[in-house]
Amino acid sequence: MAKTLVEHVRAGLDAERGAALAELFAALADAAKQIEARIRTAPLSDALGAFGHTNVQGEQQQKLDVFANDAVIGAMRALPSVGAVVSEEDDEPVVFEGKPDARFVVITDPLDGSSNLDVDVNVGTIVSVQAIVAGEDARAAALKPGTQQVAALYVNYGPATMLVYTVGKGTHAFTLRDGEFLLSGEHLAMPEQGPYYSVNEANAADFPQAVRSYLTKLRDGSMGAKYGSRYVGSFIADFHRTLLKGGVFLYPGTAKAPGGKLRLLYEANPLAMLAEQAGGKATTAGDANGGEVRRILEVVPTAPHVRTTLVIGSTAEVSAFGDVAAAAASQA
Ligand code: P6P
């Protein structure tokens, strides 16, 4: 019988930490199962469509965004170990009073890519976990760099419902069957080079010169491979493919989002940890003028909803971007 999520988390850690994280993951898995059940039959109910409120991101909240947010926050509220939740859907951290033993802050995009729900395309739940150091308040705990994450996970609501996690000891995949997340891939290894690049080509005219030069390099065969282009427009779907098949996903600066669109705390950081634990890499794409390329996990967050440019995937493609950007910067 394949290992369950809780068995796997416990097996990889010392008893005390394993128990604490297993309890947290079990609660997150329960929230994911509630979200999955609602998504699977959404077209038959009134669950789809806009909630009628714009969130802190300036995005039209979907009803399922609110449902997913309530599910995750409700599950975390019940755990003595979780002191607060920082959510894409809430302007400020949701702090749980009266939890003297709180040791984690959970940072989440409860339903990433929800604009795809109406057309039945994959969406995901993304979670980053930071430790609350004695005496630290939750907001400060959430604003630590990604190198200090205790755990990272996402749920991909696709043809299968898959949960992928790391606690810093490899990246592992589980598949939901009969209410249980069962081990379906252990110590995932991202290919060193892949067959796909993934970027919203509609923004190409806005990309910094370094990014345009890089895309030309991917297309003209000088990487020693013929690339295909894949872009779902749902980060978890595009990342999950990159994790399993290799290649690169980029969200550079654009005219609309010069500093990038994806959020550092609950999109880039958790997936960067998962990528690195699978042998991949994740960096910024430099700023709108090219600029310094930095390892995502070392970027120090300035605010809960700060955005970042992103290049994430196989070592060959992410390193090649760094070389192109460095060459461009030296000629500037
Ligand atoms: P664009 C979804 O809204 C999201 O946050 C990510 O899931 C996805 O990768 C990105 O935005 C897509 O953005 O500008 O290409 O539509």
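Throughout, read-outs are computed from the coordinates displayed, never taken from laboratory work. Nothing here was measured: the structure is a model prediction, and the numbers come from that model. Neighbour counts are summed over all protein chains in view; Cβ atoms, including those assigned to glycine, are modelled from backbone coordinates with ideal geometry.
Two numbers describe the Cα atoms of the chain: Rg and Dmax, which are 19.1, 59 Å.
If you place +1 on the Cβ of every Lys and Arg and -1 on the Cβ of every Asp and Glu, how big does the dipole about the Cα centre of the stretch 196-331 come out, in debye to the nearest 20?
Here the stretch 196-331 has a charge dipole of around 260 debye.
When its C-alpha radius of gyration is set against 2.2 N^0.38 Å (N residues), the stretch 172-214 gives a value of 1.95.
For the chain, the longest principal axis of the Cα atoms and the long axis of helix 235-245 meet at an angle of about 70 degrees.
Taking the mean number of other Cβ atoms within 10 Å as a proxy for protection, how do you rank 129-137, 4-12 from highest to lowest?
Top to bottom by mean Cβ count within 10 Å: 4-12, 129-137.
Rounded to the nearest 10 degrees, the angle from helix 15-40 to the longest Cα principal axis of the chain is 80 degrees. Between Asn69, Asn122, Asn200, the GNM of the chain built on Cα springs shorter than 10 angstrom shows Asn200 fluctuating the most. With the Cα gyration tensor of the stretch 196-331 giving a ≥ b ≥ c as the square roots of its eigenvalues, does the rule (a/c under 1.5 for rounded; else a/b larger than b/c for prolate; else oblate) give rounded, prolate or oblate? Judged from the Cα gyration tensor, the stretch 196-331 comes out rounded (a/c under 1.5). Residues considered: Thr309, Thr54, Thr254. Largest GNM mean-square fluctuation over the chain, using C-alpha springs under 10 Å, is found at Thr54. Bridges between two residues of the chain, per DSSP, are antiparallel at a rate of about 85%. When the chain is treated as a Gaussian network with alpha carbon springs shorter than 10 Å, the biggest mean-square fluctuation among Thr216, Thr108, Thr161 belongs to Thr216.
Beyond 19 Å, the tail of the calculated P(r) for the stretch 14-128 holds 46 percent of the Cα pairs.
For the stretch 149-213, the relative contact order is 18 percent, taking Cα pairs closer than 8 Å that sit 6 or more residues apart in sequence and dividing their mean separation by the residue count.
Taking the chain as the reference, fit the longest principal axis to its C-alpha atoms, fit the long axis of helix 209-219 to the helix C-alpha atoms, and give the angle between the two in degrees, 0 to 90, nearest 10. Once rounded, the angle reads 90 degrees.
Using Cβ point charges alone (K and R +1, D and E -1), the dipole size of the stretch 1-128 about the Cα centre works out to roughly 500 debye.
Taking neighbour counts of Cβ atoms within 10 Å as a proxy for exposure, in what order, fewest first, do Tyr251, Tyr165, Tyr231 appear?
Tyr231, Tyr251, Tyr165
Comparing Cα centroids, the stretch 262-280 and the stretch 37-74 end up 24 angstrom apart.
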